[in-house]
1. Give the residue that is nearest to residue 195 (Cα to Cα), with candidates limited to residues of region 118-133 that are surrounded by fewer than 21 Cβ atoms within 10 Å (Cβ to Cβ) and at pLDDT 90 or above.
2. Can you pull out every residue in region 235-250 that is closer than 15 Å to residue 131 by Cβ and modelled with pLDDT under 90?
3. Looking at region 65-93 only, could you name the residues that are crowded, with 16+ Cβ neighbours inside 10 Å, touching a helix residue (DSSP H, G or I) at 6+ places or on another chain (Cβ under 6 Å) and over 20 Å from residue 164 (Cα atoms)?
4. Part of a helix (DSSP H, G or I), modelled with pLDDT of 95 or more and either in contact with a helix residue (DSSP H, G or I) (Cβ under 9 Å, 6 or more places away or on another chain) or under 22 Å from residue 156 (Cβ atoms) (or both): which single residue out of 270, 232 fits that description?
5. Can you spot a residue in region 196-207 that is in contact with a helix residue (DSSP H, G or I) (Cβ under 8 Å, 6 or more places away or on another chain), surrounded by fewer than 22 Cβ atoms within 10 Å (Cβ to Cβ), at pLDDT below 95 and in a loop (DSSP other than H, G, I, E, B)?
6. Criterion first (within 19 Å of residue 270 (Cβ to Cβ), at pLDDT below 95 and either over 16 Å from the mean Cα position of the chain (by Cα) or surrounded by 19 or more Cβ atoms within 10 Å (Cβ to Cβ) (or both)) does residue 157 satisfy it?
7. Would you point out which residue out of 236, 210 is surrounded by 17 or more Cβ atoms within 10 Å (Cβ to Cβ) and either touching a strand residue (DSSP E or B) at 6+ places or on another chain (Cβ under 6 Å) or within 21 Å of residue 97 (Cβ to Cβ) (or both)?
8. Is it fair to say residue 115 is buried (at least 23 other Cβ atoms within 10 Å of the Cβ) and either free of Cβ contacts under 8 Å to residues at least 40 places away in the same chain or on the phi > 0 side of the Ramachandran plot (or both)?
């Protein structure tokens with residue numbers, strides 16, 4: 001069921017772009033802020049647990065109640081809905097294509113907008129630097145937007161991917177420094193394994209030797225979140241080594257293709273494990 005849910009979820013996300021508008025996490029932001037106002041200043045781990053307890057337990061309760069009901073059809077539909085909701089917040093391929101389209105037309109303002117959307121920072125106005133930043137960002141945001149969601153969905157079902165997404169959202173509430181910092185740490189821990197699995201996918205579907213040496217020679221950091229990104233960027237760029245860059249956007253195209261191949265490889269491995277009875 002998990003395999004079919006993931007494949008259908010990714011196809012629906014790619015086909016029906018208006019679904020992205022339904023991924024509104026404003027409700028969680030207001031909810032988290034309300035809980036923080038009620039509880040006042042508490043140690044971050046306690047606030048973290050109190051905020052997440054209600055939504056994730058409700059979701060887990062629904063997930064358990066739907067098991068074995070009507071041949072698991074309601075659970076299957078519920079899983080697809082939650083999985084699609086937890087992707088993104090927007091389709092990475094759609095953002096990349098919009099960026100490429102804007103650069104091709106010479107629309108600098110539109111390109112700057114989509115570059116910022118992909119990198120999640122203020123993008124450079126220099127075309128060469130902007131393209132380089134977007135290429136690097138694609139390699140690490142693919143884990144946040146796609147692969148980590150798939151990983152936790154496979155491990156714990158809808159509960160797993162929703163937990164990951166809510167922790168990710170909580171880590172962005174920078175007005176609450178201590179809580180955001182703690183949430184960012186937990187988020188980095190949850191992203192650690194998926195990041196290395198995706199990096200392995202880059203190596204398997206690209207220049208393996210280049211990816212391996214780039215992984216060994218990468219810059220090390222004590223920041224766990226930055227370390228995850230560095231693994232993905234270094235390995236990804238290494239896997240893209242020796243490619244012919246015939247245009248200024250060649251790196252963007254190559255990074256997008258590398259991400260897609262890596263995700264497909266891991267879905268193929270999930271299919272094999274499903275047929276082998278390891279996952280259902």
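The values are calculated or read from the model by the stated rules, or taken from the named source; none is laboratory data. Bear in mind that the values here come from a model prediction, so they are computed numbers and not experimental data. For neighbour counting, all protein chains shown are included, and Cβ atoms are generated from backbone atoms with ideal geometry for every residue, glycine included.
1. Among those residues, the one meeting the criterion is 119.
2. Within region 235-250, 243, 245, 246, 247, 248, 249, 250 qualify.
3. Answer for region 65-93, where residues must be crowded, with 16+ Cβ neighbours inside 10 Å, touching a helix residue (DSSP H, G or I) at 6+ places or on another chain (Cβ under 6 Å) and over 20 Å from residue 164 (Cα atoms): just 66.
4. Of the residues listed, the single one that is part of a helix (DSSP H, G or I), modelled with pLDDT of 95 or more and either in contact with a helix residue (DSSP H, G or I) (Cβ under 9 Å, 6 or more places away or on another chain) or under 22 Å from residue 156 (Cβ atoms) (or both) is 232.
5. Scanning region 196-207, I find at least one residue that is in contact with a helix residue (DSSP H, G or I) (Cβ under 8 Å, 6 or more places away or on another chain), surrounded by fewer than 22 Cβ atoms within 10 Å (Cβ to Cβ), at pLDDT below 95 and in a loop (DSSP other than H, G, I, E, B), so the answer is yes.
6. It is true that residue 157 is within 19 Å of residue 270 (Cβ to Cβ), at pLDDT below 95 and either over 16 Å from the mean Cα position of the chain (by Cα) or surrounded by 19 or more Cβ atoms within 10 Å (Cβ to Cβ) (or both).
7. Result of the check over 236, 210: 236.
8. Spelling it out, residue 115 is indeed buried (at least 23 other Cβ atoms within 10 Å of the Cβ) and either free of Cβ contacts under 8 Å to residues at least 40 places away in the same chain or on the phi > 0 side of the Ramachandran plot (or both).
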